[in-house]
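Written below as structure tokens is the structure these notes are about.
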Amino acid sequence: MKKIILSIALAFIGHLSWSQTSIGTYAEISEPSTVGVSFEYKNETKKDGRTTTGLLNVGYSSMTLSDGPLSVDGKGYTLQLGGRTYYSGTKGWYGENFITYSSVKFEETILGTKVDGKYSYWSLINPAVGYRFDLGKYIMIDPYIGFNWKWEVKGTGIVDNKAVDNLIYKAGIKIAFKL
């Protein structure tokens, strides 16, 4: 799986037009929460002034699985590929949506017993709205809010997918640099 993710990331980066590209970091509070790297490149500007961009987010994810008195922390990754539409140039209000895959593994020892499992999901419905602030010529800050509708893959080990909601809300921020 790591080779597939690396191949997708390299293919995406190879497709970028460096004069219209930004790279940055993002942090998202959700389930799972994610911190990662974001690549964005300009696609086209429409006649009505809207601008579309393509995005690739690769992140480190973490979540806590709670079921009664049991609470286990997991670590994993999230991959997002999508697009964004700015309503006026390449700053100000925007809407975005991603195709998302995430996988989180749980491995802990509780009271001498090994507890493990894997939680993963796909999502085609992962929209958000946000606002891009430009700080000077090269730095951008993008706060956003949205939701994610998840199609869960059957869990393994302690993960039965009953303790996790399919509809989750998210909030995040991205800090990026124009290349």
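Taking all Cα-Cα distances within the range 133-179, those exceeding 11 Å account for 74%. Less than 17 Å apart at the alpha-carbon level, and either on another chain or at least 8 residues along: which aspartates and glutamates does that give for Lys162? The qualifying aspartates and glutamates are Glu31, Asp67, Asp73, Asp116, Glu152. Tell me, what % of the accessible area of the chain is carbon and sulfur with a 1.4 angstrom probe? Roughly 63 percent of what the probe reaches on the chain is carbon or sulfur. Rounded to the nearest whole Hz, the Karplus-based 3J(HN,Hα) values (6.51 cos²θ - 1.76 cosθ + 1.60, θ = phi - 60°) of the range 71-77 follow the sequence 9, 10, 8, x, 10, x, 9, with x at glycine and proline. Projected onto their three principal axes, the Cα atoms of the range 83-179 cover extents of 55, 25, 19 Å, largest first. Between the labelled values (i) 1.03; (ii) 0.96; (iii) 1.22, the entry that holds Rg/Rh (Cα atoms, Kirkwood Rh) as derived from this structure is (i).
For the residue pairs Lys114/Lys174; Lys42/Lys118; Lys137/Lys170; Lys46/Lys150; Lys91/Lys170, alpha carbon separations beyond 25 Å are given by Lys114/Lys174; Lys42/Lys118; Lys137/Lys170; Lys46/Lys150. Of the residues Ser123, Thr156, Ile99, the one whose Cα sits farthest toward the positive end of the charge dipole of the range 41-167, with +1 on the Cβ of Lys and Arg and -1 on the Cβ of Asp and Glu, is Ile99.
Per-residue 3J(HN,Hα) values for the range 93-107, derived from phi via the Karplus relation 6.51 cos²θ - 1.76 cosθ + 1.60 with θ = phi - 60°, read 5, 8, x, 9, 8, 10, 8, 10, 10, 9, 9, 10, 9, 10, 8 Hz in sequence order (x marks Gly and Pro). Computed from phi, the 3J(HN,Hα) profile of the range 153-169 under the Karplus parametrisation 6.51, -1.76, 1.60 (θ = phi - 60°) reads 7, 3, x, 10, x, 6, 8, 10, 6, 7, 8, 10, 7, 7, 9, 10, 9 Hz, with x in place of Gly and Pro. Solvent-accessible surface of the range 92-179, averaged per residue with a 1.4 angstrom probe and all protein chains in place: 56 square angstrom.
For the listed peptides 45-56, 121-132, a ranking on the average number of other beta carbons within 10 Å per residue, highest first, reads 121-132, 45-56.
The values are calculated or read from the model by the stated rules, or taken from the named source; none is laboratory data. Since this is a predicted model, take the numbers as computed values, not measurements. Quick reminder, even Gly has a Cβ in these numbers, built from the backbone with ideal geometry, and neighbours come from all protein chains shown. Note: areas computed on protein heavy atoms with side chains; ligands, DNA, RNA excluded. Shrake-Rupley method; radii C 1.70, N 1.55, O 1.52, S 1.80 Å.
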